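Chemist: A single structure is presented below for examination.
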Ligand code: FES
């Protein structure tokens, strides 16, 4: 999606960019494996201003959040993009709600600190 921007991200001071795949080709030179495992493996220094944006399947997001927390990132600095089947998109039909939250009107991006206790989520 952001293929053309990746090299410029790597040049940002104090940034860390890693790309991983599950099934590498012979030419692949970067990381291999689930992103949560890569986060566990790599040496990264978490600064106070560090932020993480996480999206993907729920189990992957859960494992990534666990790995990021182990690295020292604060809950308030992790942002989760939730995906739910939406219908009305304006908080009326209830298709996207998770407990009291409506993904369509309250999100779809939430601070992990706000949603971490939603059992239905994980
Ligand atoms: S899509 Fe209808 S309430 Fe969110």
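Throughout, read-outs are computed from the coordinates displayed, never taken from laboratory work. Here the structure is a predicted model, which is why all the values come from computation and not from measurement. Please note: Cβ atoms are built from the backbone with ideal geometry, for glycine as well, and neighbour counts cover all protein chains shown.
Chemist: Counting only the backbone N, which residues of the stretch 70-97 are under 13 Å from the spot 7 Å out from the Cα of residue 46 toward its beta-carbon?
Modeler: 70-79
Chemist: Hey, another quick one. Per 5 Å bin, what is the whole-percent P(r) computed from every C-alpha pair distance within the stretch 1-61?
Modeler: 3, 13, 21, 28, 23, 9, 2, 0
Chemist: Oh, and also: Give me 102, 2, 31 ranked fewest to most by other Cβ atoms within 10 Å of their Cβ, as a rough exposure proxy.
Modeler: If I rank by nearby Cβ atoms, fewest first, I get 2, 31, 102.
Chemist: Note the angle between two axes, namely the Cα long axis of helix 58-71 and the longest principal axis of the Cα atoms of the chain, as a number of degrees from 0 to 90, rounded to the nearest 10.
Modeler: Long axis of 58-71 versus the principal axis of the chain: about 60 degrees.
Chemist: Rg(Cα) of the chain divided by 2.2 N^0.38 Å?
Modeler: Working: Rg = 16.3 Å, N = 122, 2.2 N^0.38 = 13.7 Å.
Output field value: 1.20.
Chemist: How do 63, 1, 68 line up, fewest other C-beta atoms within 10 Å first? Display every interim value, and only then the final one.
Modeler: Working: 63 19, 1 5, 68 23.
Neighbour counts put them in this order, fewest first: 1, 63, 68.
Chemist: Helix-derived [θ] at 222 nm for the chain: sum -39500 (n - 2.57) over DSSP H runs of at least 4, divide by residue count, nearest 500?
Modeler: -7000 deg cm²/dmol, from helical runs alone.
Chemist: For a quick check: sort 112, 79 by the number of other beta carbons within 10 angstrom, fewest at the front.
Modeler: Ranked by crowding around the Cβ, least crowded first: 79, 112.
Chemist: Let me ask something additional. In the stretch 99-117, whose amide N lies under 14 Å from the spot 7 Å out along Cα-to-Cβ of residue 90? List them in ranges.
Modeler: Zone members listed by number: 105.
Chemist: Let me ask another. Return the FRET efficiency for the residue pair residue 29, residue 9: r is the Cβ-Cβ distance, R0 is 22 Å, and the value is rounded to the nearest 0.05.
Modeler: 0.80
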